[in-house]
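Reading through the structure tokens given below for one structure.
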């Protein structure tokens, strides 16, 4: 079963936007890879800015 992970870096995405994105990604994966939509898994993960380092420096 195809699994898509979406990392949201300190995002302010709404539940409605997540639903729309999950639907769109599911359709694309299903059409492209030939899996039924009920076999496609989308995982959203949020990471706080302070947990991300870029260039050796933590975000604030």
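The values are calculated or read from the model by the stated rules, or taken from the named source; none is laboratory data. The shown structure was predicted, so the numbers you read here are calculated from the model rather than taken from an experiment. Positions of Cβ are backbone-derived with ideal geometry, glycine not excepted, and every protein chain shown enters the neighbour counts.
Taking region 39-60 on its own, how many of its residues are in contact with a helix residue (DSSP H, G or I) (Cβ under 8 Å, 6 or more places away or on another chain) and either assigned to a strand (DSSP E or B) or in contact (Cβ under 8 Å) with a residue 40 or more places away in the chain (or both)?
4
Checking residue 57 against (1) at pLDDT 95 or above; (2) out of contact with any strand residue (DSSP E or B) (no Cβ under 6 Å at 6 or more places or on another chain), only one condition comes out false. Which one?
(1)
What residue, among those in region 1-14 that are in a strand (DSSP E or B) and either free of Cβ contacts under 8 Å to residues at least 40 places away in the same chain or out of contact with any strand residue (DSSP E or B) (no Cβ under 7 Å at 6 or more places or on another chain) (or both), is surrounded by the fewest Cβ atoms within 10 Å (Cβ to Cβ)? Let's see the steps before the verdict.
First pass over region 1-14, keeping only residues in a strand (DSSP E or B): 3-9.
This time we only want the ones that are either free of Cβ contacts under 8 Å to residues at least 40 places away in the same chain or out of contact with any strand residue (DSSP E or B) (no Cβ under 7 Å at 6 or more places or on another chain) (or both), so: 4, 6, 8.
Values: 4: 15, 6: 15, 8: 13.
If we take residues in region 1-14 being in a strand (DSSP E or B) and either free of Cβ contacts under 8 Å to residues at least 40 places away in the same chain or out of contact with any strand residue (DSSP E or B) (no Cβ under 7 Å at 6 or more places or on another chain) (or both), then 8 is surrounded by the fewest Cβ atoms within 10 Å (Cβ to Cβ).
Taking region 15-38 only, how many residues are part of a helix (DSSP H, G or I) and either surrounded by 13 or more Cβ atoms within 10 Å (Cβ to Cβ) or touching a residue at least 60 places away in the same chain (Cβ under 8 Å) (or both)? Talk me through it step by step, then tell me what you get.
Taking region 15-38 as the starting set, the residues that turn out to be part of a helix (DSSP H, G or I) are 15-33, 37-38.
Still in the list and also either surrounded by 13 or more Cβ atoms within 10 Å (Cβ to Cβ) or touching a residue at least 60 places away in the same chain (Cβ under 8 Å) (or both): 18, 21-22, 25-26, 29-30.
Summing the residues that are part of a helix (DSSP H, G or I) and either surrounded by 13 or more Cβ atoms within 10 Å (Cβ to Cβ) or touching a residue at least 60 places away in the same chain (Cβ under 8 Å) (or both) in region 15-38 gives 7.
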